[in-house]
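See structure below.
The values are calculated or read from the model by the stated rules, or taken from the named source; none is laboratory data. Please read these numbers as outputs of a predicted model, since none were measured by experiment. Cβ sites come from the backbone with ideal geometry, for glycine too, and all protein chains shown count toward neighbours. The protein model used for the area step is the full one, side chains on, heavy atoms only, and it has no ligands, DNA or RNA in it. Shrake-Rupley method; radii C 1.70, N 1.55, O 1.52, S 1.80 Å.
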Amino acid sequence: MNIKLYSIILKLLHLFSFMDIEQKVEQTLKKIRLKKKEKILVAISGGKDSAVTAYLLKRLGYKIKGIHIDLGLGKYSENCLKSVKELCNKLKIKLYLYSVKKETGKTMSDIFKHKDEKLSNCTLCGVMKKWLLNKKARELKADKIATGHNFNDGLETFLMNLFKGSQNSNLNSVPILKTKNKKFIVRIKPLFFIANGKIENYCKKLNLPVYKKICPYRGETYRVETRDFVKKLSDKEKKNLMKNFLELAEKIKKDEKETRYCEVCGEPSRKNLCKRCELLNSKI
Ligand code: AMP
Ligand code: ZN
């Protein structure tokens, strides 16, 4: 085939695949009934997924602002923050900035040094981020928090929970997460049905400022093993797994118990102490 023709076909294929992303995200937002007047805080990490989430929500006409948590992981956090600031400038959105150090007196790297060996760094970071995002989003009177979790993240979390036998945790990994708790801010995942590779290409094409390095503190080998397992599945198997997962999540949701409030910080919690306070109390 003529090289010029070949490159035109390739460009067209890319274009169609990008249109596919935009349409799929629009469909997801329709399904979760996101309204244009709602105040959405996009949790921006500095990586490709949350950058694309912010870009698409803005492009589709939603009212968004950015929120970033400085985890205090040295140079890595500095580079993430730099990309986040550049992205917010480029998209012309306001950025709210918070730091784990200011909020708890410790950076995440201090917390890692004293952690229980059973807990991975990613688990600890996840607990801190969720706690801060919910609290700050409520104080800022946001209606929703949008994160960049994608199709692969969803599948990996589902399988990890299934392998570990913690079925109820699957509830958190759905395109829209609501609870009856008044202090809980609804979390949405606009990229939930988009595969990782497609987001990567899309982000590259748009030339969005992102920091590409993997966190040097990442110790979640179980997720990495699950990721490798998912890579071996066919597209059909992945789609079937996701379908089954969403059906299962619906069933679990029906038996969900109402959450209470943490005795120490007053944030939503399943037990007397929330995960964040349990962590700070016991180890650090
Ligand atoms: P991760 O758990 O690191 O894979 O991140 C999942 C999602 O959480 C990202 O797509 C972001 O939306 C959000 N997120 C992660 N890290 C941060 C951060 N430091 N500040 C704000 N949002 C974050
Ligand atoms: Zn608490």
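Annotation note: of S120, S77, S109, the sole residue that is under 27 Å from T157 (Cα atoms), among the small types (G, A, S) and within 11 Å of ligand 1 (Cβ to nearest atom) is S77.
Entry remark, the range 114-146: residues being open to solvent by 30 Å² or more (accessible area, probe 1.4 Å), touching a residue at least 60 places away in the same chain (Cβ under 8 Å), more than 16 Å from ligand 2 (Cβ to nearest atom) and of a type in the set (K, R) number 2 in total.
In the range 147-176, the residues that are closer than 19 Å to E220 by Cα reach residues that are near ligand 1 (Cβ under 10 Å from one of its atoms) and modelled with pLDDT under 90 with C-beta atoms within less than 8 angstrom, at least six apart or across chains, in these pairs: E156/R223; M160/R223. For the range 177-191, the tally of residues that are modelled with pLDDT of 95 or more and either under 16 Å from the mean Cα position of the chain (by Cα) or crowded, with 16+ Cβ neighbours inside 10 Å (or both) stands at 8. The one condition from (1) without any contact (Cβ under 8 Å) to a residue 12 or more places away in the chain; (2) within 16 Å of ligand 1 (Cβ to nearest atom); (3) of a type in the set (A, V, I, L, M, F, W, C) that L233 does not meet is (2). In the range 131-172, which residue that is in a helix (DSSP H, G or I) and of a type in the set (D, E) is farthest from L241 (Cα to Cα)? The residue in question is E139.
Exactly one residue out of K30, K11, K58 is modelled with pLDDT under 95 and open to solvent by 80 Å² or more (accessible area, probe 1.4 Å), and it is K11. Determine whether the range 255-275 contains at least one residue that is open to solvent by 40 Å² or more (accessible area, probe 1.4 Å), within 16 Å of ligand 1 (Cβ to nearest atom) and either under 28 Å from E78 (Cβ atoms) or at pLDDT below 95 (or both). Scanning the range 255-275 turns up at least one residue that is open to solvent by 40 Å² or more (accessible area, probe 1.4 Å), within 16 Å of ligand 1 (Cβ to nearest atom) and either under 28 Å from E78 (Cβ atoms) or at pLDDT below 95 (or both).
Residues that are open to solvent by 20 Å² or more (accessible area, probe 1.4 Å) and in a helix (DSSP H, G or I) within the range 61-88 comprise G74, K75, Y76, E78, N79, L81, K82, K85, E86, listed in sequence order. Residues in the range 39-55 that are open to solvent by 10 Å² or more (accessible area, probe 1.4 Å) and assigned to a strand (DSSP E or B) were compared, and the one that is farthest from ligand 2 (Cβ to nearest atom) is K39. Scanning the range 89-104 for residues that are more than 11 Å from ligand 1 (Cβ to nearest atom), more than 17 Å from G148 (Cβ to Cβ) and open to solvent by 50 Å² or more (accessible area, probe 1.4 Å) yields a total of 6. Scanning the range 192-200 for residues that are open to solvent by 60 Å² or more (accessible area, probe 1.4 Å), more than 22 Å from K106 (Cβ to Cβ) and touching a residue at least 24 places away in the same chain (Cβ under 8 Å) turns up at least one hit. With respect to being surrounded by 17 or more Cβ atoms within 10 Å (Cβ to Cβ) and within 16 Å of ligand 1 (Cβ to nearest atom), R218 falls outside the description. Within the range 230-246, the set of residues being open to solvent by less than 90 Å² (accessible area, probe 1.4 Å) and assigned to a helix (DSSP H, G or I) comprises V230, K238, N240, L241, M242, N244, F245, L246.
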